[in-house]
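Below is one structure, written out as C-alpha cells; the observations come after it.
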Amino acid sequence: MKLIKRLIYGFLLLLVALVVFLAGSVLVDFALGGDRLESLANTIIPGVNDGPDVLAYVAKPDGEGPFPTVIMIHEFFGLNESIIGKAKGLAEEGYYVVAPDTFRGSTTAWIPRAIYQVISTPPERVNADLDSVYAWLESRPDVDASRVAIAGFCYGGRASLLYSLHNNRLAATVVFYGSPETDPQVLKNLPGPVLGIFGGADQSISVEEVNAFEEGLQVAGVPHEITIYDGQPHAFVTDIESIRAGGAQGEAWAQMLAFLSENLKNGTSARSGEAISYNAVFPWRYYAMLVYEHAFGTASHMH
C-alpha cells in the first residue's frame, strides 16, 4: 500500500514539475522574443471600433493596381519568416498580400507557447482584428475591394474559415489543413468558393473529417475543391523555397494559384452567404494531435 502511495505521489510531483516547466518555458520564450514581430512586420494597420492597431507584413506586386488581394493567416506559431516568404511568393503572381499578426504581438518557434497563443486568443478577437485589416484594404486605391480572398495554414486555415463565416464580402476562402466545420447549416453561410488542401497522413485531421467537410459543403451548395495529398503529414507546405522545389508542396501551391486565378484574379465570385454570429467550438483534439505530431516528428517543423 505504501508503495502504491509513493508511486502516486511521485507521478503527481512529476506532473506538477512538467506543468511548472511548461509554464516557465512560455514565460522565458516571451521574455527572450519580445521584439520578434517588430523586425518582421512592415505595416501598422489602424484598428477599427476602438480596437488596437494590427501589425502586418504587406507584399505588393509590380504595377499600379488595383490588385486582387489575399489576406494570409499564419500558423499557430504566429507571423514568421515562413509566412512572409509565402506572401512574397504570392505577390509575385500579381496579388496584393497582407499577412496580419492575429496574436497581438506574440510569435514563437516553441510549441508550448504556440499552443498557449491559440488557447488565449478567442476567435471573436481574431475576427475583430481581421475586420480592421479588411477595412484598411477597402480604403486603399491599389486594392480591388470586390476581389479579396482569405487563405490560411494550420491554425490560420481554421481562422480563415471562421472569418469567412463572419465577413460575407470575401470572394473566396483557402484552407490549408485547418480544422474544418462540417455542419451544412453553418457552411451554407460561406460567401464564396472554398479550396481545402489536406495531408493524407495528417493525424490531427482524419480523412473521414475531411470527407465530412466536403460532404457538408456539397449539401450546403457551396462551390468547393477539396484535395487530400496522399502520404503528406500536417503542415506539409512549409516555405517558398520548398514550394519552388516541387513535389507535393509545389502541387498544392499550384492548385491554390489556379483556384485564385479562376475565382479572384479573373473575376469575382457570386456571393451567397450571410454573416452569422457563430460560436465555434475549440478543436481540442486537433491541437492535442498537432502537439503529438510535432513531438514525434510526423508533422513538418518548418512552419
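Each value in this text was obtained by applying a stated rule to the coordinates, not by laboratory testing. Every value quoted in this text rests on a predicted model; they were computed, and no experiment measured them. Glycine gets a Cβ as well: all are built from the backbone with ideal geometry, and neighbour counts include every protein chain shown.
How much length would be gained if the chain were fully extended between residue 44 and residue 215, taking 0.36 nm per residue of separation minus their Cα-Cα distance, in nm to one decimal?
The span from residue 44 to residue 215 would gain 57.6 nm if fully extended.
Using θ = phi - 60° and the Karplus curve 6.51 cos²θ - 1.76 cosθ + 1.60, what whole-Hz ³J(HN,Hα) does each residue of region 80-90 get, with Gly and Pro shown as x?
Whole-Hz 3J(HN,Hα) from phi for region 80-90: 8, 4, 4, 5, 4, x, 5, 4, 4, x, 6.
Hey, can you rank 102-110, 284-292, 242-250 by average C-beta count inside 10 Å, highest first?
So the peptides 102-110, 284-292, 242-250, ranked by packing, come out 102-110, 284-292, 242-250.
For the peptides 160-172, 209-221, what is the packing order when you average, over each peptide's residues, the other Cβ atoms within 10 Å and list the highest mean first?
160-172, 209-221
Hey, what do the phi angles of region 226-235 turn into as Karplus ³J(HN,Hα) couplings, whole Hz, using 6.51/-1.76/1.60 and θ = phi - 60°, x for Gly and Pro?
For region 226-235, the Karplus curve yields 10, 10, 10, 8, 4, x, 8, x, 5, 6 Hz.
Taking amide H positions as placed in the peptide plane 1.01 Å from N, state which residues far from residue 196 in sequence (5 or more) or on other chains have amide H under 5 Å from it.
Excluding prolines and chain starts, which carry no amide H, the hits are 175, 225, 226, 227.
Enumerate by residue number the GluC sites (Glu not before Pro) in region 80-150 meeting two conditions: DSSP loop (anything except H, G, I, E, B), and at most 15 other Cβ atoms within 10 Å of the site's Cβ.
Passing both the DSSP loop test and the Cβ count: 92.
For residue 201, list long-range residues whose amide hydrogen, built 1.01 Å from N in the peptide plane, is under 5 Å from its own amide hydrogen.
231, 232
Packing-wise, with mean Cβ within 10 Å as the measure, how do 228-236, 144-152 rank, highest first?
Ranked by mean Cβ neighbours within 10 Å, highest first: 144-152, 228-236.
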